[in-house]
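Participant: After the structure tokens below, expect a handful of questions from me.
The values are calculated or read from the model by the stated rules, or taken from the named source; none is laboratory data. If you're wondering where the values come from, they're calculated on a predicted model, not measured in any experiment. As a convention, Cβ positions derive from the backbone with ideal geometry for all residues, glycine included, and neighbour counts pool all protein chains shown. Quick note on the areas: whole protein, heavy atoms, side chains included, nothing else; ligands and nucleic acids left out. Shrake-Rupley method; radii C 1.70, N 1.55, O 1.52, S 1.80 Å.
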Amino acid sequence: VRLETPDNAGVGKYLFEFVQVDLEIKGAKREDVMDLIERLLVYVFEGVQESCAKELKICGVERLRIPSPPFPKVKYLEAKEKYGHDFEKVLSQKAEEPFWLVDIAIEDREFYDKLSPDGKTLLDMDLVLPLGYGEVLSGGEREHEYEKIVKRMAFKGSDFASMKWYLDLVKRYGLYPSAGCGFGIERLTRYICRLNHVKYTRLFPKVPGEISI
């Protein structure tokens, strides 16, 4: 469940209630997660094409385009400088296959995402679908050292009081290095079926700005 503002009603990819697959891999790097997701998407697309060809045709999809790993990688800050605030939308509309946005700006993510050696970006990534369908996955490596977590929380202006339970656990037991991600099932389904709104992937969708059950 995630609160969305009414102005996201017509965007086509936002729901109040949605299904998300989350995974975290102990000792993994960002590239390990990216490789896993690429292989997973190829497996899913091939399976859907083989098992649901009739259903795809009903949606107007004659044949799914199976992406070829490794997916292209685009640096977040370079894309933002070149295309402006709506760079993700522009790139998604121009793309014909999924691609990664990597090295997310430190200001645009949370304190638990691992800082890159450059001190300006994070070892994060977004997976962006082509044909204008936009972002479907976010993830990256995690900060696991107590002092670095505290420093990042101060940078982000986080509420230390509300996060005391978390900091106490980290200080007492420590954290393992890890990397992970989460991706939206409805957004992926929307892309596979070429639907113009994510609400058509659910029986009773709760869409921002619309009256719902």
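Participant: About the Cα centre of region 92-213, how large is the charge dipole given +1 on each Lys and Arg Cβ and -1 on each Asp and Glu Cβ? Please answer in debye to the nearest 20.
Facilitator: 400
Participant: So which of K80/K148; K114/K151; K29/K94; K151/K171; K73/K94 end up more than 20 Å apart, counting from Cα to Cα?
Facilitator: Check vs 20 Å cut-off fails for K80/K148; K29/K94.
Participant: In addition: Pop a pseudo-label 7 angstrom from the Cα along the beta-carbon direction at both L167 and A53 and give the gap in nm to one decimal.
Facilitator: Each label point lies 7 Å from its Cα, and together they span 6.0 nm.
Participant: Taking 0.36 nm per residue of sequence separation and subtracting the Cα-Cα distance, how much length would be gained by fully extending the chain between L23 and E145, in nm to one decimal?
Facilitator: Extra length available between L23 and E145 comes to 41.9 nm.
Participant: Which one, L203, W100, G119, is farthest towards the positive end of the dipole of the chain when Lys and Arg carry +1 and Asp and Glu -1 on their Cβ?
Facilitator: So the residue we want is L203.
Participant: A further question on this structure: How large is the dipole of region 109-155 about the Cα centre if only Lys and Arg carry +1 and Asp and Glu carry -1, each at its Cβ, rounded to the nearest 20 debye?
Facilitator: Dipole about the Cα centre, nearest 20: 140 debye.
Participant: Provide the per residue accessible area, probe 1.4 Å, for the chain, rounded to a whole number of square angstrom.
Facilitator: With the other protein chains kept in place, the chain gives 59 Å² per residue.
Participant: So for the chain, taking the charge dipole from beta-carbon charges (+1 Lys/Arg, -1 Asp/Glu), which of S51, G174, S212 sits furthest toward the positive end?
Facilitator: Result: S212.
Participant: Per-residue HN-Hα couplings for region 202-213, Karplus 6.51 cos²θ - 1.76 cosθ + 1.60 at θ = phi - 60°, whole Hz, x for Gly and Pro?
Facilitator: Along region 202-213, the couplings run 10, 5, 10, x, 10, 9, x, x, 10, 6, 9, 6 Hz.
Participant: Please compute the modelled spin-label separation between Y200 and L77, points set 7 Å along Cα→Cβ, answer in nm with one decimal.
Facilitator: So the two model labels end up 4.0 nm from each other.
Participant: Only one of the values (i) 17.0, 52; (ii) 18.7, 56; (iii) 19.5, 79 was calculated from this structure for Rg and Dmax of the Cα atoms in Å; name its label.
Facilitator: Read-out taken from this structure: (ii).
Participant: Right, something else. Pop the C-beta distance of I66 and D86 into the FRET formula with R0 = 30 Å and round what comes out to the nearest 0.05.
Facilitator: Calculated transfer efficiency: 0.60.
Participant: Let me spell out the model: positive unit charges on the Cβ of Lys and Arg, negative unit charges on the Cβ of Asp and Glu, origin at the Cα centre of the chain. What dipole size does that give, in debye rounded to 20?
Facilitator: That gives a dipole near 220 debye.
Participant: Quick check: at a probe of 1.4 Å, how many percent of the accessible area of region 36-163 sits on carbon and sulfur atoms?
Facilitator: Here it works out to 53 percent.
Participant: If you don't mind, another one. If you take the square roots of the eigenvalues of the alpha-carbon gyration tensor of region 1-64 and sort them as a ≥ b ≥ c, do you get rounded (a/c under 1.5), prolate (a/b over b/c) or oblate?
Facilitator: Because a/c hits 1.5 or more and a/b fails to exceed b/c, region 1-64 counts as oblate.
Participant: Taking amide H positions as placed in the peptide plane 1.01 Å from N, state which residues far from V74 in sequence (5 or more) or on other chains have amide H under 5 Å from it.
Facilitator: W100, L101, V102
Participant: So, one more: Taking only DSSP H segments of four or more residues, each worth -39500 (n - 2.57), what value at 222 nm results for the chain once the sum is divided by all its residues, to the nearest 500 deg cm²/dmol?
Facilitator: -10500 deg cm²/dmol
Participant: What are the lysines whose alpha-carbon lies under 22 Å from the alpha-carbon of K206, with same-chain residues fewer than 8 places away excluded?
Facilitator: Output for K206: K13.
Participant: Using R₀ = 25 Å, calculate the FRET efficiency as 1/(1 + (r/R₀)^6) where r is the Cβ-Cβ separation of Y176 and D108; round to 0.05.
Facilitator: Working from the Cβ atoms, E equals 0.50.
Participant: Would you mind giving the three semi-axes, in whole Å and largest first, of the ellipsoid equivalent to region 113-213 according to its Cα gyration tensor?
Facilitator: The three semi-axes for region 113-213 are 35, 18, 12 Å.
Participant: OK, next. Convert each backbone phi in region 8-21 into a coupling constant with the Karplus relation 6.51 cos²θ - 1.76 cosθ + 1.60 (shift: θ = phi - 60°), then list the ³J(HN,Hα) values in order as whole Hz, x for Gly and Pro.
Facilitator: Calculated HN-Hα couplings, in order: 8, 4, x, 5, x, 10, 10, 9, 6, 10, 8, 9, 10, 9 Hz.
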